[in-house]
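**Student:** Next up is a structure, given as structure tokens.
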Amino acid sequence: MHQTFLDGRGIFACRNCHTHFALRGSIESRQYTGQFGRAILFTDIVNVRAGDENKRQMTTGVHIVRDIACMRCNKYVGWTYVKAYEPEQKFKEGKFILERELIYDVTREYTRDPVHDWVG
């Protein structure tokens, strides 16, 4: 599988192998919690593999989700929402959660901007 390299500021990558996943501009919300603490909801990500669909009870209701792993090192990094049963949760379908503990901002290492560097 071909690996995609992202360009610009605010590139989020795998903390384990540094494979690029997403750009800051694709963040929809930082108000999520995953298995390892804080998590971020993204509209678009690259370089991940999705596992099998699972029905999961979450704080916002029952969802069908697929765990996602880094395509390079195969480490778990979050999940994608396949289906939400509650009407007010439908906006999550097709979007991705990346666990904050398992990713980092690649460009933060090279430039310091205290206003924009916090990733959540």
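The values are calculated or read from the model by the stated rules, or taken from the named source; none is laboratory data. What you see is a predicted model; the values in this text were computed from it and never measured. Positions of Cβ are backbone-derived with ideal geometry, glycine not excepted, and every protein chain shown enters the neighbour counts. Quick note on the areas: whole protein, heavy atoms, side chains included, nothing else; ligands and nucleic acids left out. Shrake-Rupley method; radii C 1.70, N 1.55, O 1.52, S 1.80 Å.
**Student:** Modelled with pLDDT under 95 and hydroxyl-bearing (Ser, Thr, Tyr) - does that describe any residue in region 50-59?
**Tutor:** yes
**Student:** In region 1-53, how many are in contact with a helix residue (DSSP H, G or I) (Cβ under 7 Å, 6 or more places away or on another chain), among the aromatic types (Phe, Trp, Tyr) and open to solvent by 20 Å² or more (accessible area, probe 1.4 Å)?
**Tutor:** 1
**Student:** Can you list residue pairs whose Cβ atoms sit under 9 Å apart, with the first residue in region 40-52 being under 16 Å from residue 90 (Cα atoms) and the second being assigned to a loop (DSSP other than H, G, I, E, B) and charged (D, E, K, R)? Count only pairs 6 or more apart in sequence or on different chains.
**Tutor:** Close Cβ pairs (under 9 Å, with a partner that is assigned to a loop (DSSP other than H, G, I, E, B) and charged (D, E, K, R)) amount to 41/95; 42/95; 43/95.
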